[in-house]
Amino acid sequence: MSEENKKVDEHQKEESDNLEDLNKDNSNENPSKSDTPISDEDIILKLNEEISDLKDQRLRAIAELENFRKRAEKDQSDALKYGVANFAKEIINIKDNIERAQSSISDDVKTNDAVKSVVEGLDLIAQATVSTFEKIGIKKVESINQKFDHNLHQAMMEIEKDEMEPGTIVQEILPGYTLHDRLLRPAMVGVSKNTQENQDNKDKKNEETE
């Protein structure tokens, strides 16, 4: 064998030895997981944790599904109850016009045979609108002699009335209506207040008591 071939063989042998040493070092530094046995207790503990997580996920999914069902039912209920809101606003305007027409006819004219049929026709239409209101859940807001409520009433004026408690509704300019528990239109009203003389007397009495 030539000198040159001997050198090549020695070089290859040296590289092979270095590779074996490197593999041994890696094996010592990173022992295989299979070398560390897992006890039965650890396996059972891990399985119990996974079961607990799955139960929690199941309960959360059931809760979310129930919430979704309730929201869907409420949305459907609201759609049925309040879906006619725009129609309801239009029909209360019709009732306003009917009432204006009825109030514009004096009692003397109502006895006229030519007008009597018109009056009767208006009365029938007014009754039909009231019946429709009841069917779809429209109710008139109570106003006269009621305490002013900003949720239901809109004050258009103040009227001096010492015999009434201040803030009492004494005049209804335009009736208000609700659709189930929602306000369609506030009642436009006149609210009582004390006369200036009466108010001055009250203020004077309050000052004396203080």
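Of note:
- M157, M164, ranked by accessible area, largest first (probe 1.4 Å): M157, M164
- Probe 1.4 Å, protein heavy atoms only - accessible area per residue of segment 69-137 in square angstrom: 71
- K116 versus K140: modelled label distance in nm, points set 7 Å from Cα along the beta carbon direction: 2.7
- Inter-label distance, nm, simple model (7 Å from Cα along the C-beta direction), Q127/K46: 8.4
- With every protein chain in place, segment 114-184: carbon and sulfur % of accessible area (1.4 Å): 52
- Pairs from the list K110/K161; K140/K161; K81/K147; K89/K147; K55/K81; K135/K161 with a Cα-Cα gap above 30 Å: K110/K161; K55/K81; K135/K161.
- Across every direction, the projection of the convex hull enclosing the Cα atoms of segment 51-191 has a mean area of 13.4 nm².
- With all protein chains modelled, accessible area of L54 [1.4 Å, Å²]: 110
The values are calculated or read from the model by the stated rules, or taken from the named source; none is laboratory data. Computed from a predicted model, the values in this text were never measured in an experiment. Cβ: placed from backbone, ideal geometry, glycine included. Neighbour counts: every protein chain shown. When the accessible area is computed, the model is the full protein with side chains, heavy atoms only, and any ligands, DNA or RNA have been set aside. Shrake-Rupley method; radii C 1.70, N 1.55, O 1.52, S 1.80 Å.
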